[in-house]
Amino acid sequence: MEFTFADAVGMSGTLLVVLAYFLLQLERMEASSLGYNALNLVGAVLLLISLLVNFNLASFVIEIFWIAASVIGLWRWFQRRKASA
């Protein structure tokens with residue numbers, strides 16, 4: 001099996017999503033934080049990019065939902081920041 005650029009992109013995305021989750025569980029990040037939502041968004045986008053080469057419908061669907069949840073989290077973070085300014 002060959003390790004391709006798409007594999008590297010997908011593994012990078014996986015690393016970011018898993019890192020965000022571990023940091024959340026270790027209480028190093030809060031679920032409502034900019035960092036947590038940004039890590040999840042970037043990770044999910046990278047995974048989605050890798051799926052353009054190695055398509056899998058179930059993975060594609062979950063990444064779309066992961067991106068949507070991250071965008072909602074980022075939007076709420078910016079709204080809270082704007083309200084406190």
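Annotation: of all residues in segment 2-22 being among the aliphatic types (A, V, I, L, M) and either under 21 Å from W75 (Cα atoms) or touching a strand residue (DSSP E or B) at 6+ places or on another chain (Cβ under 9 Å) (or both), the one that is surrounded by the most Cβ atoms within 10 Å (Cβ to Cβ) is A20.
Report yes if E63 is among the acidic types (D, E), out of contact with any strand residue (DSSP E or B) (no Cβ under 9 Å at 6 or more places or on another chain) and part of a helix (DSSP H, G or I), otherwise no. For E63, the condition - among the acidic types (D, E), out of contact with any strand residue (DSSP E or B) (no Cβ under 9 Å at 6 or more places or on another chain) and part of a helix (DSSP H, G or I) - is met.
Please determine, by comparing only the residues of segment 66-85 that are over 17 Å from the mean Cα position of the chain (by Cα) and in a helix (DSSP H, G or I), which one is nearest to A38 (Cα to Cα).
The initial filter retains those residues of segment 66-85 that are over 17 Å from the mean Cα position of the chain (by Cα), namely 78-85.
Keeping just the survivors that are in a helix (DSSP H, G or I) gives 78-84.
Details: F78: 12, Q79: 15, R80: 16, R81: 15, K82: 18, A83: 20, S84: 20 Å.
For segment 66-85, the residue satisfying everything is F78.
Look at (1) without any contact (Cβ under 8 Å) to a residue 24 or more places away in the chain; (2) under 14 Å from the mean Cα position of the chain (by Cα); (3) outside any helix (DSSP H, G or I) and you find that E27 fails only one, number (2).
Scanning segment 48-85 for residues that are closer than 14 Å to T14 by Cα and surrounded by fewer than 17 Cβ atoms within 10 Å (Cβ to Cβ) yields I49, S59, F60, I62.
Is there a residue being modelled with pLDDT of 95 or more, part of a helix (DSSP H, G or I) and surrounded by fewer than 11 Cβ atoms within 10 Å (Cβ to Cβ) anywhere in segment 30-47? No, there is no match, as no residue in segment 30-47 is modelled with pLDDT of 95 or more, part of a helix (DSSP H, G or I) and surrounded by fewer than 11 Cβ atoms within 10 Å (Cβ to Cβ).
The values are calculated or read from the model by the stated rules, or taken from the named source; none is laboratory data. Owing to the predicted nature of the structure, the values given are computational and were not obtained by experimental measurement. Glycine also receives a Cβ, built like all others from the backbone with ideal geometry; neighbour counts cover every protein chain displayed.
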